[in-house]
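Step one of this worksheet: look at the structure below.
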Amino acid sequence: MKQAQAKHKLCRRLGYCVWNMPKCPSAKRPYAAGLQGKNAKKKKLSTYGVMMQEKQKLKAHYALTESQLRNIFLVAKRKEGRTNEILMQHIELRLDAAVYHSGFAPTIFAAKQFVSHRHILVDGKIVDRPSYRLKPGQVLTINAEKSPKIAEIARDVNSTIPPYFETNKEQLKVTVLREPMIEEIPVQVEAMRVVEYYAR
């Protein structure tokens, strides 16, 4: 219980759930935790505070560690193009993120577990690294015979699928159609603020 509360601490502070979970404590208590939470005046964040908050939101949504996000930023920074867009594309096409946003898993945490427990196949081969980066044209599948419980969960997930994924629940198949555009990625975060944080 304590672990779940800690996970949603940022949601309480923001006033909404980072993962859009209906059972998140922020749905009933959209204010910071603690005795003064409900009556505390919202302080205007400094520029640094805004950058930090956006970074925390991005980390939380994808359940990334600080070192993982920093390393992705460094990769994005070295490539040609808009760093914020490359950063988001790189994160969104991680295998765990694709399993989550394509509607195969109810949460990012479940998605990571599905991958690490070897329930997800990429182009017919088991891939157990949540950080594996997908490319357009690749296909994710779940073997319903070998993983019947996971297949059942995947079929029951009801979510809006972004246009860069094509999901077939009956066949338990997801095709990566193309690289996502930053405005299509279903995350409430200002990626440029995250770039600014790491570029300081």
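Inspect segment 137-159 for any residue being under 14 Å from the mean Cα position of the chain (by Cα), at pLDDT below 95 and either not in a strand (DSSP E or B) or not acidic (Asp, Glu) (or both) and give the result as yes or no. Lay out the reasoning, then the answer.
Taking segment 137-159 as the starting set, the residues that turn out to be under 14 Å from the mean Cα position of the chain (by Cα) are 159.
Still in the running and at pLDDT below 95: 159.
Next, only the ones that are either not in a strand (DSSP E or B) or not acidic (Asp, Glu) (or both) stay: 159.
Within segment 137-159, one or more residues are under 14 Å from the mean Cα position of the chain (by Cα), at pLDDT below 95 and either not in a strand (DSSP E or B) or not acidic (Asp, Glu) (or both).
Name the single residue that is nearest to Arg133 (Cα to Cα) among those in segment 160-188 being in a loop (DSSP other than H, G, I, E, B) and open to solvent by less than 30 Å² (accessible area, probe 1.4 Å). Walk me through it before giving the result.
Residues of segment 160-188 that are in a loop (DSSP other than H, G, I, E, B), as a first pass: 160-164, 169-172, 177-181, 185-188.
Subset that is open to solvent by less than 30 Å² (accessible area, probe 1.4 Å): 162, 164, 172, 180, 185, 187.
Numbers: Pro162: 17, Tyr164: 15, Leu172: 20, Pro180: 13, Ile185: 16, Val187: 18 Å.
Looking at the filtered set, the residue picked out is Pro180.
Does Ile153 count as without any contact (Cβ under 8 Å) to a residue 24 or more places away in the chain and out of contact with any Leu (no Cβ under 8 Å at 6 or more places or on another chain)?
On the way: without any contact (Cβ under 8 Å) to a residue 24 or more places away in the chain: no; out of contact with any Leu (no Cβ under 8 Å at 6 or more places or on another chain): yes.
Criteria not met by Ile153.
Looking at Glu80, is it open to solvent by 70 Å² or more (accessible area, probe 1.4 Å), free of Cβ contacts under 8 Å to residues at least 24 places away in the same chain, of a type in the set (Asp, Glu) and out of contact with any Asp or Glu (no Cβ under 8 Å at 6 or more places or on another chain)? Break it down stepwise before answering.
On the way: open to solvent by 70 Å² or more (accessible area, probe 1.4 Å): yes; free of Cβ contacts under 8 Å to residues at least 24 places away in the same chain: yes; of a type in the set (Asp, Glu): yes; out of contact with any Asp or Glu (no Cβ under 8 Å at 6 or more places or on another chain): yes.
When the stated conditions are applied, Glu80 passes them.
Those residues that are over 14 Å from Ala199 (Cβ atoms), of a type in the set (D, E, K, R) and touching a residue at least 60 places away in the same chain (Cβ under 8 Å), I need them from segment 52-64; list them, please.
The initial filter retains those residues of segment 52-64 that are over 14 Å from Ala199 (Cβ atoms), namely 53, 56-64.
Now drop any that are not of a type in the set (D, E, K, R), which leaves 57, 59.
The answer is Lys57, and nothing else.
Going by what's in this entry, would Ser67 be described as touching a residue at least 40 places away in the same chain (Cβ under 8 Å) and more than 24 Å from Arg155 (Cβ to Cβ)?
Working: touching a residue at least 40 places away in the same chain (Cβ under 8 Å): no; more than 24 Å from Arg155 (Cβ to Cβ): yes.
Judged against the criteria, Ser67 is not a match.
Hey, does segment 14-26 have a residue that's open to solvent by less than 70 Å² (accessible area, probe 1.4 Å), more than 19 Å from the chain's Cα centre (by Cα) and at pLDDT 75 or above?
Checked segment 14-26: no residue is open to solvent by less than 70 Å² (accessible area, probe 1.4 Å), more than 19 Å from the chain's Cα centre (by Cα) and at pLDDT 75 or above.
Between Arg200, Arg193, Arg94, which is of a type in the set (Lys, Arg) and surrounded by fewer than 17 Cβ atoms within 10 Å (Cβ to Cβ)?
On the way: Arg193 fails: surrounded by fewer than 17 Cβ atoms within 10 Å (Cβ to Cβ); Arg94 fails: surrounded by fewer than 17 Cβ atoms within 10 Å (Cβ to Cβ).
Matching residue, one of Arg200, Arg193, Arg94: Arg200.
I'd like to verify a number: residues in segment 116-128 that are in a loop (DSSP other than H, G, I, E, B) and either exposed (fewer than 12 other Cβ atoms within 10 Å of the Cβ) or at positive phi (or both), how many?
First, the residues of segment 116-128 that are in a loop (DSSP other than H, G, I, E, B): 117-119, 123-124, 127-128.
Then keep just the ones that are either exposed (fewer than 12 other Cβ atoms within 10 Å of the Cβ) or at positive phi (or both); that gives 117-118, 123-124.
Within segment 116-128, residues that are in a loop (DSSP other than H, G, I, E, B) and either exposed (fewer than 12 other Cβ atoms within 10 Å of the Cβ) or at positive phi (or both) number 4.
Quick check on Glu179: is it charged (D, E, K, R) and more than 30 Å from Met51 (Cα to Cα)? If you could, list the steps in order and put the result at the bottom.
Details: charged (D, E, K, R): yes; more than 30 Å from Met51 (Cα to Cα): no.
No.
The values are calculated or read from the model by the stated rules, or taken from the named source; none is laboratory data. Given the structure is predicted, the values throughout are model-derived calculations rather than measurements. A quick note on method: Cβ atoms are made from the backbone with ideal geometry, for glycine too, and the neighbour counts reach across all protein chains shown. Accessible surface areas use protein heavy atoms only, side chains included; no ligands, DNA or RNA. Shrake-Rupley method; radii C 1.70, N 1.55, O 1.52, S 1.80 Å.
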